[in-house]
Amino acid sequence: MSGVTVALSGGASKSTTTDASGNYSFTGVSNGTYTVTPGKSSYTFTPATRSVTINGANVTGQQFTASLATYLISGAVTLSGTGLGGVTITLSGPISTIAATDASGNYSFTGLSNGAYTVSPGKTGYTFSPASSPVTLNGANA
């Protein structure tokens with residue numbers, strides 16, 4: 001994966017960015033123990049860090065696996081303080097979908113990426129306040 005920032009910490013602090021093939025390297029690093037940490041917005045990495053010890057030779061093959069980070073939007077619809085089931089909740093934005101509240105009035109949308117969304121409830125015979133709610137996901141659940 002290209003464009004991943006890789007940080008080196010320990011006896012020296014450096015950072016670099018992976019090339020088009022996902023490769024990275026640090027040069028001019030002296031003997032010692034270091035931590036290598038990848039990072040890119042909207043992604044998690046396995047492992048999150050690697051400990052590397054340099055002792056008179058180059059160290060290669062320190063690989064990480066990236067996964068798209070996903071988040072959720074959840075909430076509840078109530079009527080006079082009691083959960084209202086069967087409400088259709090429409091999510092619009094980078095991902096658009098529909099869900100329904102459970103018997104307790106709860107709903108959730110999972111597997112979402114960062115971005116600006118709008119959540120809108122609807123059920124025949126009911127009006128809702130607010131009629132819709134903006135929600136922005138930026139590295140965390142909402």
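The amide H of residue 135, built 1.01 Å from its N in the peptide plane, has 117, 118, 119 as neighbours under 5 Å, considering only residues 5 or more places off or on other chains.
Rolling a 1.4 Å probe across the protein heavy atoms gives the stretch 1-69 an accessible surface of 61 Å² per residue.
Across the stretch 21-142, Cα-Cα pairs more than 18 Å apart make up 63 percent of the total.
The values are calculated or read from the model by the stated rules, or taken from the named source; none is laboratory data. Bear in mind that the values here come from a model prediction, so they are computed numbers and not experimental data. For accessibility, only protein heavy atoms count, side chains too; no ligands or nucleic acids. Shrake-Rupley method; radii C 1.70, N 1.55, O 1.52, S 1.80 Å.
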